[in-house]
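Asks: Below is the structure I would like to discuss, written out as structure tokens.
The values are calculated or read from the model by the stated rules, or taken from the named source; none is laboratory data. These numbers were taken from a predicted model, which means no experiment stands behind them. With ideal geometry, Cβ positions are generated from the backbone for all residues, glycine too; neighbour counts draw on all protein chains shown. Side chains included, ligands, DNA and RNA excluded: accessible areas come from the protein's heavy atoms. Shrake-Rupley method; radii C 1.70, N 1.55, O 1.52, S 1.80 Å.
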Amino acid sequence: MVATTKTGEGWSSRSAFILAAIGAAVGLGNVWRFPTLAGENGGGAFVLFYVACVVLLGLPLVLSEIFIGRAGQTDAVGSIKKVAADSGVSSRWSVFGAIGAIAAFLILSFYSVVAGWVLYYVGVMGADLMQAIGSGDPFRGALAGESQEAIQGRMGDLFASPMLLLAMHFVFMGGTLYIVARGVHGGIEKAATWLMPAFFALLVGITIYGAIVGDMGDALAFLFTPDWSRLTPQAMNEALGQALFSLSLGVAGLITYGSYIREGHKLGSTSAAIAVADTSVALLAGLMIFPIVLAVGLDPAAGPTLVFQTLPFAFQSMPAGALIGFLFFVLILVAAITSSISLLEVPTAYGIGELGLRRHSSALLFGGGAFLIGIACLLGYNVWSDVRPLGFWPLFAETDILDTVDGFTGKVMLPLGALLTSLFIGWRADRKLVQQTTGLTGGMFALWRFLIAWLCPIAVTIILVTGLFPAVLGG
Ligand code: TRP
């Protein structure tokens, strides 16, 4: 008999699940956050350390989360309870499912705001492209005739306008809500099967473009030549945190998606496919962005504004910059939406499984709630720019609203979720159940168990402590 979830929903095939999970993993984390961090931390050594984190910590955790969902067949809290019951341990472990659902809800609130900036740039570059076409020169550079100050000033103008930020946030959250309300098969899966191929085509296309018109040699050297002196404890902390974020770990996202798997999969190879795809996209995104940035002599360490302020200026002097610049922001938008739907699906599934809500109501409740918190985040850039929500806490004393939600989820909730997942799977879950469900045996099982029971808890505890008490790192 085909096992189904409480709600009766499920993926239509193994590849549909893999595509949706890759869609969840590949997002702003890959195309915006990874290049930003790699640039700020000097490239090579950071990148290699990041890849090691993905293989040694990320991959075992991906498999653990998918296992819990597959074995539990319902929302994160219910799935953990089921695995706990089948393993004869306390159902209180399910608290990390609840922490995860809250974290996913909070991440969604600011994720939608940032995706709103991307949407705005799709509009700016789209209008510019229309103008280029209208003027009979469709292959001109982007934003012709605008000074560097004017191009970079756009972001400040956007941030100064609550209405504009709100409108973008509204449209993006509305789109996310629409897809999630349509369900696993008709919404999430359908979006992934249309959008992910488009994403890959754009990514490869723009990377080839960058290799031709940009400076690929410099970019390769920047990304892959390690200067180990740049690998400070802070950089390692950021790499570990980024690996969790990029693979969508620690907030029960993959538990939720895993619960919609119907038939027996080889979960090990499925997990590997997700981790490999996510990491390849992050590296390709680096190879897409840095040749363009370096060719124009811009600073790769520009920080979070790299893709919004630095790149549009770089596209000005590139052939067909107006067209490629537009496609570049479309690409980021596509990546963002397949991730935001996974973020909304976690609390939505919780509402369906634990609160007995219907899918529509649950999605509306949590999507609407995240929308409201997102409004507070975007007001933090203008009317509430003095507000410091966790100002009493030295770590967040100077942090605005959006960065506080981002920092708190990323530094506290995500590592905590990952830590509890690894302890639960490494030490509490029934070994037979794990082997049966994952299909992992022999040496592979032993290796995975070692990583999840020993390396993950230790490494994640280190991220948690050094993230919360930067003074430990001397920073
Ligand atoms: N992984 C996504 C990205 O890189 C973001 C994301 C989606 C996420 N779902 C998540 C992060 C769940 C943490 C947890 O952009």
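Asks: With the checklist (1) within 16 Å of the ligand (Cβ to nearest atom); (2) open to solvent by less than 30 Å² (accessible area, probe 1.4 Å) in hand, flag the one item Trp32 doesn't pass.
Replies: (2)
Asks: Which residue is nearest to the ligand (Cβ to nearest atom), if the candidates are limited to region 305-327 and must be crowded, with 23+ Cβ neighbours inside 10 Å and of a type in the set (Gly, Ala, Ser)?
Replies: Among them, the one singled out is Gly325.
Asks: Right, something else. Between a first residue in region 167-181 that is in a helix (DSSP H, G or I) and a second residue that is surrounded by 19 or more Cβ atoms within 10 Å (Cβ to Cβ) and of a type in the set (S, T, N, Q), which pairs have beta carbons less than 6 Å apart while being 6 or more apart in sequence or on different chains?
Replies: Hits for this filter: His169/Ser112; Phe172/Ser112; Met173/Ser112; Thr176/Ser340; Val180/Thr348.
Asks: Where residues in region 228-251 are more than 16 Å from the ligand (Cβ to nearest atom) and polar (S, T, N, Q), which of them is surrounded by the fewest Cβ atoms within 10 Å (Cβ to Cβ)?
Replies: Filtering region 228-251 for residues more than 16 Å from the ligand (Cβ to nearest atom) gives 228-237.
Add one more test, that the residue is polar (S, T, N, Q), and what stays is 229, 232, 234, 237.
Numbers: Ser229: 8, Thr232: 16, Gln234: 15, Asn237: 22.
My answer is Ser229.
Asks: Something else now. Of these, Val346, Val330, which one is more than 16 Å from the ligand (Cβ to nearest atom) and within 21 Å of the chain's Cα centre (by Cα)?
Replies: Details: Val346 fails: more than 16 Å from the ligand (Cβ to nearest atom).
The conditions single out Val330.
Asks: What pairs come up if the first residue lies in region 17-43 and is of a type in the set (D, E, K, R), the second is open to solvent by less than 10 Å² (accessible area, probe 1.4 Å) and within 10 Å of the ligand (Cβ to nearest atom), and their beta carbons are under 7 Å apart, counting only those six or more places apart or on different chains?
Replies: As it stands, the answer is Arg33/Gln242, since those pairs meet every condition given.
Asks: Oh, and also: State which residue pairs qualify: first residue more than 15 Å from the ligand (Cβ to nearest atom) and among the aliphatic types (A, V, I, L, M) and inside region 264-283, second residue open to solvent by 40 Å² or more (accessible area, probe 1.4 Å) and not in a helix (DSSP H, G or I) in any location, beta carbons under 9 Å apart, and separation of 6 or more residues or different chains.
Replies: Leu267/Gly439
Asks: Is it true that some residue in region 252-260 is near the ligand (Cβ under 10 Å from one of its atoms) and in a loop (DSSP other than H, G, I, E, B)?
Replies: To start, the set of residues in region 252-260 that are near the ligand (Cβ under 10 Å from one of its atoms) comprises 252-254, 256-257.
Checking the rest, the ones that are also in a loop (DSSP other than H, G, I, E, B) come to 252.
Within region 252-260, one or more residues are near the ligand (Cβ under 10 Å from one of its atoms) and in a loop (DSSP other than H, G, I, E, B).
Asks: Name every residue in region 180-214 that is open to solvent by 30 Å² or more (accessible area, probe 1.4 Å) and either closer than 21 Å to Val113 by Cβ or touching a Gly at 6+ places or on another chain (Cβ under 8 Å) (or both), in order of residue number.
Replies: Correct list: His185, Leu195.
Asks: Hey, Met318 hits all of (1) in a helix (DSSP H, G or I); (2) over 19 Å from Ala24 (Cα atoms) but one; which does it fall short on?
Replies: (1)
Asks: Among the candidates Gly268, Gly286, single out the residue that is in contact with a Pro (Cβ under 8 Å, 6 or more places away or on another chain) and in a helix (DSSP H, G or I).
Replies: Values: Gly268 fails: in contact with a Pro (Cβ under 8 Å, 6 or more places away or on another chain).
None of the others qualify; the one that does is Gly286.
Asks: Right, next: Hey, can you tell me all the residues within region 349-365 that are away from the ligand (no atom under 14 Å from the Cβ) and under 20 Å from Gly100 (Cβ atoms)? Explain how you work it out, then say what you get.
Replies: Looking only at region 349-365, we keep the residues that are away from the ligand (no atom under 14 Å from the Cβ), and these are 351-365.
Hits for region 349-365 are Gly351, Ile352, Gly353, Glu354, Leu355, Gly356, Leu357, Arg359, Ser362, Ala363, Leu365.
Asks: Residues that are in a helix (DSSP H, G or I) and either over 30 Å from Leu365 (Cα atoms) or in contact (Cβ under 8 Å) with a residue 40 or more places away in the chain (or both): does region 139-146 have at least one?
Replies: Going residue by residue through region 139-146, those that are in a helix (DSSP H, G or I) are none.
Looking for residues that are in a helix (DSSP H, G or I) and either over 30 Å from Leu365 (Cα atoms) or in contact (Cβ under 8 Å) with a residue 40 or more places away in the chain (or both), one finds none in region 139-146, hence no.
Asks: Please go through region 438-450 and pick out each residue that is surrounded by fewer than 20 Cβ atoms within 10 Å (Cβ to Cβ), in contact (Cβ under 8 Å) with a residue 12 or more places away in the chain and within 27 Å of the chain's Cα centre (by Cα).
Replies: Within region 438-450, the subset surrounded by fewer than 20 Cβ atoms within 10 Å (Cβ to Cβ) is 439, 441-447, 449-450.
Subset that is in contact (Cβ under 8 Å) with a residue 12 or more places away in the chain: 439, 444, 449.
Listed by number, the list holds a single entry, Arg449.
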